[in-house]
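The values are calculated or read from the model by the stated rules, or taken from the named source; none is laboratory data. Worth saying up front: this structure is predicted, and the values here are computed from it rather than measured. A quick note on method: Cβ atoms are made from the backbone with ideal geometry, for glycine too, and the neighbour counts reach across all protein chains shown. Just so you know, the surface numbers come from the protein's heavy atoms only, side chains and all, with ligands and any DNA or RNA stripped out. Shrake-Rupley method; radii C 1.70, N 1.55, O 1.52, S 1.80 Å.
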Amino acid sequence: MDHQLLQVVALLTLIAFGGTSWTIEACSPIDLGALMSFKNGIQKDTSGRLAKWIGASCCKWEGIVCENATSRVIQINLPGFISTDTDLFQTQMIGRISPSITLLTSLEIIDLGGLVGLSGAIPNTIGLHLPKLQKLYLYGNNLTGPIPESIGQFPNLQDLALQENKLWGSIPMSLGSLKSLKRLLLYSNKSSGIIPYSLGNLINLAELDAHDNALVGNIPNSVGEMKALTKLDLSNNLLSGKMPSSLTNLTVISVLYLNTNSLEGTISFPSRSGEMSSLSFLRLHNNLLVGNIPSNIGYLVSLQRLSLSNNKLEGVLPSSLGNLISLTELYLSGNFLSDQIPKSLGQLSRLIMLNISRNLIEGPLPQEIYSLQNLQTLDLSFNHLKLSAIPKWMANMSSLSNIYLAGCGIQGQIPDFFQTTNSPIQELDLSVNILSGSIPSWIGSLSQLYLLNLSRNSLYSDIPDSFRNLQDLGVLDLHSNTLTGSIAPVFDIEQGIFGGSLKFVDLSQNSFSRGIEEIAGGQHSIQFLNLSHNHLEGRLPNSIGRLNSLNSLDLSFNELGSNMPEVLANLTSLEILKLQENHFTGKIPNGFLKLLKLKELNVSNNHLEGEIPEGKPLIDFPESSYSGNKGLCGKPLGPCKL
């Protein structure tokens, strides 16, 4: 809309709401009319602030600040998050940003962030009429459309926060004209196209965050001209090509996140000592990077977190990693790194997380790792370690509580020293090894255990009764062993203050035969349950209907019989239900039509009869979901005989 026409509309709005009488305490008639037009564009304001915008003294309105000398509006402060002395809560405005906001030509701050319900486009001419604007906060709304090209016309803009909307289109080249800009936040939108080369002109920019968009092409070499940058986040985009060599010019950079793109080539920075000396957080994971981890990485002496996981890196781990004495987290998983772990890693006294899983690392493990007394999580899974036995010194590491040694060639029985570790074990993964013998009863004494994965070994025995003591257990995976007896100890686990903690249970591919009547017990929060490929007998208890958080239930390939309980219809969160290869009889309950989220169903090869209940979702599954039941009929099988 033409700017002069907007002024006319604002004045007419003012007249409609009570005339144009003006006193020294009132803001200017143009500002008053513009604010009333803004208010008219909002259909709902849960904070009640706009309802108090009454009369001509708009400088006294909540959220409005005026300049004393001129009575012109200089701030609109209506953020969605409101704090009181005792609480912080979020409010909502539903409506659109009126173009009349551009009539407030003395504005220095616009804060409409986090209001959730603001929709529509950013006014197209917003940058042409607000020469004094320093801060523009429109984040956390439902705004759509492109970022207006005119935004590049703000001569004094310092903060531009447009993140967490649904803005689409390219990032305007004109943003490179915002010479005063210090923060540019565009993340979590739908922006596409390339990163404009002109952004290199933003020599005062300290923070550029455009993660979680759909940006393509190379990272422009001009990024190295933004020498005031302390944070650069371009992660979760579709960027490709090599990382620009100019990154080494970012002398004060502290946070560099380029992960989850399709970046190629080698890691070429730093090139010498002293470059990027302030870099504390570096994430390059989930790319296509190749070559070795450069020994020069040891020059990044301020690094606290380093993530190079899921690339195509190869070769040995450089001993210079031991120079990163500030490092607390090191992620190198999912590469082709080989040879042994360097002894120098034992110098990383602040390290709390070490993940080198899914590489080609060989044994033996250096005993120097024992020096990492702050280490809480160690993941060496799926390497070529061929440990044979777990080193006893692990039990004496004072902070180690999460141990992942899957696929490490460990043989023999589960070592007893795990019951006397210096730090309570919370997560233990010994899957895909060559463990044999029984599951020791002392595991029930690991009172803080949350995850236990012993799957794909050669363990035999019953599940110890002591499992009933594992109140914090959330993930239990024992599949593909030779375990026998009853599954009851799993479902009889004592409940904590907030009820059962179990979320994931996989006991499949064993030889369990008893305990199906305990399947619910007190564990009502289970989301994934797999008891398939066992020898379980009996009928499903009605208590299974209490598992109303279940997303996936697999009871296939057992010897379960009798009718399918009607209470299965209560499991309305189910997406996967597998009951094939059992001895179920009777009809499919009509209540199955309530399982609207069901994406996969298999009741084949039972003794079911009667007509398949007609309707969605049952009618959508193929014949193979119902085959092998001689008495079953109706769509998608053949019609029932009259």
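Just one of the listed residues (Ala121, Ala56, Ala51) is without any contact (Cβ under 8 Å) to a residue 12 or more places away in the chain, surrounded by fewer than 22 Cβ atoms within 10 Å (Cβ to Cβ) and either more than 21 Å from Tyr187 (Cα to Cα) or in contact with a Gly (Cβ under 7 Å, 6 or more places away or on another chain) (or both), and it is Ala51.
Look at region 459-510 and say how many of its residues are basic (Lys, Arg) and more than 14 Å from Phe528 (Cα to Cα).
At the first step, the residues of region 459-510 found to be basic (Lys, Arg) are 468, 503.
Subset that is more than 14 Å from Phe528 (Cα to Cα): 468.
Total satisfying the criteria: 1.
Within region 78-118, the set of residues being of a type in the set (S, T, N, Q), surrounded by fewer than 16 Cβ atoms within 10 Å (Cβ to Cβ) and either within 21 Å of Gly33 (Cβ to Cβ) or in contact (Cβ under 8 Å) with a residue 12 or more places away in the chain (or both) comprises Gln90, Gln92.
Listed by first and then second residue, the pairs linking a residue in region 183-201 that is without any contact (Cβ under 8 Å) to a residue 24 or more places away in the chain to a residue that is among the small types (Gly, Ala, Ser), with Cβ atoms under 6 Å apart and 6 or more places separating them unless they lie on different chains, form an empty list.
Yes/no matrix, rows are residues, columns are (1) open to solvent by 30 Å² or more (accessible area, probe 1.4 Å); (2) at negative phi; (3) among the polar types (S, T, N, Q):
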| position | (1), (2), (3) |
| --- | --- |
| Pro489 | no, yes, no |
| Ile493 | no, yes, no |
| Gln509 | yes, no, yes |
| Phe512 | no, yes, no |
| Gln523 | no, yes, yes |
| Phe528 | yes, yes, no |
| Leu531 | no, yes, no |
| Leu536 | no, yes, no |
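Scanning region 357-401 for residues that are closer than 20 Å to Ile414 by Cα, touching a Ser or Thr at 6+ places or on another chain (Cβ under 6 Å) and not in a loop (DSSP other than H, G, I, E, B) yields Asp379, Ala395.
Residue check: Leu327 meets all listed conditions (1) open to solvent by less than 40 Å² (accessible area, probe 1.4 Å); (2) assigned to a loop (DSSP other than H, G, I, E, B); (3) under 28 Å from Leu238 (Cα atoms) but one, namely (3). May I ask you to list the residues in region 21-53 that are closer than 23 Å to Gly117 by Cα and in a loop (DSSP other than H, G, I, E, B)? Across region 21-53, the qualifying residues are Gly41, Thr46, Ser47, Gly48, Arg49, Trp53.
Table: residues versus (1) at pLDDT 95 or above; (2) assigned to a strand (DSSP E or B); (3) open to solvent by 10 Å² or more (accessible area, probe 1.4 Å).
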position: Ser423; (1), (2), (3): no, no, yes
position: Leu452; (1), (2), (3): yes, yes, no
position: Asp472; (1), (2), (3): no, no, yes
position: Thr484; (1), (2), (3): yes, yes, yes
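Residues checked against (1) within 25 Å of the chain's Cα centre (by Cα); (2) assigned to a loop (DSSP other than H, G, I, E, B):
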| residue | (1), (2) |
| --- | --- |
| Lys132 | no, yes |
| Gly140 | yes, yes |
| Ile147 | no, yes |
| Ile151 | no, no |
| Asn156 | no, yes |
| Glu164 | yes, yes |
| Leu175 | no, no |
| Ser180 | no, yes |
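Conditions (1) open to solvent by less than 70 Å² (accessible area, probe 1.4 Å); (2) more than 26 Å from Ile526 (Cα to Cα); (3) in contact with a Cys (Cβ under 8 Å, 6 or more places away or on another chain), marked per residue:
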site: Glu559; (1), (2), (3): no, no, no
site: Glu566; (1), (2), (3): no, no, no
site: Ile588; (1), (2), (3): yes, no, no
site: Asp620; (1), (2), (3): no, yes, no
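Taken as a whole, region 540-547 holds no residue that is surrounded by fewer than 20 Cβ atoms within 10 Å (Cβ to Cβ), assigned to a loop (DSSP other than H, G, I, E, B) and at pLDDT 95 or above.
For region 408-437, name all the residues that are under 34 Å from the mean Cα position of the chain (by Cα) and not hydrophobic (A, V, I, L, M, F, W, C). Listed by number, the residues that qualify are Gly409, Gln419, Thr421, Asn422, Ser423, Pro424, Gln426, Glu427, Asp429, Ser431, Asn433. Give the residue that is farthest from Arg539 (Cα to Cα), with candidates limited to residues of region 594-608 that are surrounded by fewer than 15 Cβ atoms within 10 Å (Cβ to Cβ) and touching a Leu at 6+ places or on another chain (Cβ under 8 Å). Residue satisfying both the conditions and the ranking: Lys597.
Pro639 meets all of the listed conditions (1) surrounded by fewer than 19 Cβ atoms within 10 Å (Cβ to Cβ); (2) modelled with pLDDT of 95 or more but one, namely (2).
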